[in-house]
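The values are calculated or read from the model by the stated rules, or taken from the named source; none is laboratory data. Since we're looking at a predicted model, the values are computed, not measured. For neighbour counting, all protein chains shown are included, and Cβ atoms are generated from backbone atoms with ideal geometry for every residue, glycine included. These area figures cover heavy atoms from the full protein model, side chains too; ligands, DNA and RNA do not enter into them. Shrake-Rupley method; radii C 1.70, N 1.55, O 1.52, S 1.80 Å.
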Amino acid sequence: QVQVVESGGGLVQPGGSLRLSCAASGGIFNMYDMGWYRQAPGKQREWVAVFGSEGGTRYADFVKGRFTISRDNAKNTVYLEMNSLKLEDTGVYYCNAHRNGMGYWGKGTLVTVSS
């Protein structure tokens, strides 16, 4: 059973930066597509970015140029570097490990962008 644990959330002012981490265990990390999602208060969860097992990255349009996803297979960890944060980036950020139709979620880490 794959487990993922997010960390790094917090309170940041608009225009600031945060780096989220997601540590995975219980599986062969480099075989999983690793993604970040977020859920704003009162809204549905939405996809943010993915780092595929074969090395490709994709981003939602609303974070392109501001967020960067990376992974360290030696540490079984995926990161989300978030820059130029906006008020609307506020939400709980979730990590997802996906392979062969199976997805594993963490409990999330809260990011609050506020002045």
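Data for the structure
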read-out: Scan of segment 1-56 for residues that are without any contact (Cβ under 8 Å) to a residue 24 or more places away in the chain, open to solvent by 50 Å² or more (accessible area, probe 1.4 Å), outside any strand (DSSP E or B) and farther than 12 Å from G91 by Cα, ordered by number; value: I28, E54
read-out: Positions within segment 99-115 being open to solvent by 30 Å² or more (accessible area, probe 1.4 Å), in contact (Cβ under 8 Å) with a residue 12 or more places away in the chain and in a loop (DSSP other than H, G, I, E, B), in sequence order; value: K107, S114, S115
read-out: Members of segment 14-47 found to be within 15 Å of the chain's Cα centre (by Cα) and either basic (K, R) or under 13 Å from S70 (Cα atoms) (or both), listed by number; value: R19, L20, S21, C22, A23, D33, M34, G35, W36, R38, R45
read-out: Residue within segment 90-98 that is touching a Ser or Thr at 6+ places or on another chain (Cβ under 6 Å), at pLDDT 95 or above and either crowded, with 17+ Cβ neighbours inside 10 Å or not in a loop (DSSP other than H, G, I, E, B) (or both) present; value: yes
read-out: Residue in segment 76-85 that is free of Cβ contacts under 8 Å to residues at least 40 places away in the same chain, in a strand (DSSP E or B), open to solvent by less than 50 Å² (accessible area, probe 1.4 Å) and not charged (D, E, K, R) present; value: no
